[in-house]
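Take a look at the structure set out below.
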Amino acid sequence: MIDVLVSSSANTTPARPTRKNTNMAQVTTSICNVKNITSSTLIYQMSNDWQGAIGAGGLGYYPKEIKSRVTGTFQHVGNQNGSQGAVVYRITISPNENYDVMVAWFNQPNSPNKAYTLVDQAGSFTTDRWAAIFNALINSESNSSSTLGAYTSKVEIGDGNFPTVSATISAA
């Protein structure tokens with residue numbers, strides 16, 4: 001609901017309406033940075049939105065590729081329940097050696113922010129795993145790390161409704 005407040009005074013110009021939003025839901029936004037310090041390019045595989053969605057504008061998409069020694073950035077805009085999502089990137093070492101790296105964040109108003117990451121075999125992140133991943137996410141802390149084979153992923157999330165999620169994917 002939007003109320004219009006009007007004020008006037010004999011010594012001023014005619015009053016202009018001032019808008020006051022009395023039904024404003026608290027919205028959260030997560031700025032996510034995925035830093036690739038491997039020698040391979042990270043390739044986008046999939047994402048999952050529990051609450052909110054990828055943002056608009058220049059940060060309104062998941063980077064399709066994150067080249068070696070580059071940071072990919074995107075914005076995840078929450079709804080009234082927060083910004084809660086995950087993204088999966090693939091590291092290809094050779095035709096027979098591939099890993100998927102999942103980075104997840106939980107940014108809900110008036111709750112501690114949480115982050116979770118997992119490195120697993122290529123193709124292992126399927127839609128039937130999202131419920132278990134979400135459970136691991138909500139039971140995590142503000143930082144997480146995972147190592148499999150030669151690769152490690154570390155992620156942390158800042159405080160507040162507009163935190164930065166910082167993930168680093170590196171050789172173990």
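The values are calculated or read from the model by the stated rules, or taken from the named source; none is laboratory data. Everything quoted here is computed from the prediction, not taken from an experiment. Using ideal geometry, Cβ is built from the backbone for each residue, glycine included, and neighbour counts are taken over all protein chains shown. Calculation scope for accessible area: heavy atoms of the full protein, side chains included, ligands and nucleic acids excluded. Shrake-Rupley method; radii C 1.70, N 1.55, O 1.52, S 1.80 Å.
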With the condition kept exactly as written, say whether any residue in the stretch 94-115 is touching a helix residue (DSSP H, G or I) at 6+ places or on another chain (Cβ under 9 Å), among the charged types (D, E, K, R) and either buried (at least 17 other Cβ atoms within 10 Å of the Cβ) or in a strand (DSSP E or B) (or both). yes
Within the stretch 70-80, identify whether any single residue is of a type outside the set (Phe, Trp, Tyr), touching a strand residue (DSSP E or B) at 6+ places or on another chain (Cβ under 7 Å), crowded, with 17+ Cβ neighbours inside 10 Å and assigned to a loop (DSSP other than H, G, I, E, B), and answer yes or no. yes
Sole exception among (1) open to solvent by less than 50 Å² (accessible area, probe 1.4 Å); (2) in contact (Cβ under 8 Å) with a residue 60 or more places away in the chain; (3) hydroxyl-bearing (Ser, Thr, Tyr) for residue 164, by number: (1)
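Looking only at residues in the stretch 105-145 that are under 19 Å from residue 43 (Cα atoms) and of a type in the set (A, V, I, L, M), which one is farthest from the chain's Cα centre (by Cα)? Explain how you work it out, then say what you get.
Just the residues of the stretch 105-145 that are under 19 Å from residue 43 (Cα atoms), to begin with: 117-127.
Next cut, of a type in the set (A, V, I, L, M) only: 118-119, 122.
Values: 118: 15, 119: 17, 122: 21 Å.
The selected residue is 122.
Checking the structure you have, find out if any residue of the stretch 47-66 is in a strand (DSSP E or B), aromatic (Phe, Trp, Tyr) and in contact (Cβ under 8 Å) with a residue 60 or more places away in the chain.
Within the stretch 47-66, the first condition is being in a strand (DSSP E or B), and the residues that meet it are 47-51, 53-54, 65-66.
This time we only want the ones that are aromatic (Phe, Trp, Tyr), so: 50.
If we keep only those that are in contact (Cβ under 8 Å) with a residue 60 or more places away in the chain as well, we get 50.
Within the stretch 47-66, one or more residues are in a strand (DSSP E or B), aromatic (Phe, Trp, Tyr) and in contact (Cβ under 8 Å) with a residue 60 or more places away in the chain.
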With respect to the numbered conditions (1) open to solvent by 40 Å² or more (accessible area, probe 1.4 Å); (2) free of Cβ contacts under 8 Å to residues at least 60 places away in the same chain; (3) assigned to a loop (DSSP other than H, G, I, E, B); (4) under 17 Å from residue 170 (Cβ atoms), which one is the sole condition not fulfilled by residue 39? (2)
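In the stretch 50-69, what count of residues is obtained for those that are touching a His at 6+ places or on another chain (Cβ under 8 Å) and either over 26 Å from residue 92 (Cβ atoms) or surrounded by fewer than 17 Cβ atoms within 10 Å (Cβ to Cβ) (or both)? If you could, list the steps in order and put the result at the bottom.
First pass over the stretch 50-69, keeping only residues touching a His at 6+ places or on another chain (Cβ under 8 Å): 52-55.
Now narrow it down to the ones that are either over 26 Å from residue 92 (Cβ atoms) or surrounded by fewer than 17 Cβ atoms within 10 Å (Cβ to Cβ) (or both): 52-53, 55.
The qualifying residues number 3.
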Which count do you get for residues in the stretch 81-93 that are open to solvent by 40 Å² or more (accessible area, probe 1.4 Å) and either in contact with a helix residue (DSSP H, G or I) (Cβ under 8 Å, 6 or more places away or on another chain) or modelled with pLDDT of 95 or more (or both)? 1
Residue selected from the stretch 132-152 under the condition of a type in the set (Gly, Ala, Ser) and outside any loop (DSSP other than H, G, I, E, B), by the criterion farthest from residue 38 (Cα to Cα): 132
